[in-house]
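Here the structure is laid out as structure tokens; the discussion comes afterwards.
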Amino acid sequence: MGNHLLVGLALAVPIGAPALKPAAPPPAPPALLGVWAVESYVEDGQARDCVGLTFEFAANNRLVLRKDGMDGDDEMAYSTAPAKDPPEFDWADPDGTNRLPGIYRLDGDTLLICFKGDPKGTRPTTFAAPPGSESVLFTLKRAKKKD
């Protein structure tokens with residue numbers, strides 16, 4: 001009797017029918033989303049002006065850079081690979097060109113981003129931007145939400 005049931009099921013299911021998969025839960029929003037104020041910015045060993053500079057990470061993989069007193073915003077695309085060690089962060093022109101490979105570290109409300117300033121550069125392996133490294137290191141703090 002058991003064999004008849006198996007044969008019946010085999011005939012009832014069309015060959016090549018896709019297997020049923022449970023619905024995947026929606027992905028959790030990345031911890032990077034929101035506005036971050038730049039606390040420090042070091043490029044190739046030199047501290048740079050970062051007063052009034054903010055990064056805004058949007059869910060559509062867009063990153064908007066704003067600086068007080070400047071006309072307009074700079075918008076770029078970004079992607080992350082949080083499972084890597086250290087987690088990877090890439091940003092590029094909105095059309096995906098001139099990709100800058102980087103790494104990031106998120107510790108509570110502090111975010112470090114380090115990348116090479118040359119699109120053909122290699123991904124950094126440490127969070128440092130000493131002279132001659134062609135690296136850029138940003139230290140950011142999550143901006144307080146306004147009421």
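Nothing in this text is a laboratory measurement; each read-out follows from the coordinates by a stated rule. In this text the structure is predicted, and so the values were computed from the model without any measurement. Cβ placement follows ideal geometry from the backbone for every residue including glycine, while neighbour counts extend to all protein chains displayed.
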(message) If I model a spin label at residue 74 and residue 44 as a point 7 Å from the Cα along the Cα→Cβ vector, what separation in nanometres do I get?
(response) 1.5 nm
(message) Relative to 2.2 N^0.38 Å, what does the C-alpha radius of gyration of segment 31-142 come to as a ratio? Two decimals please.
(response) 0.99
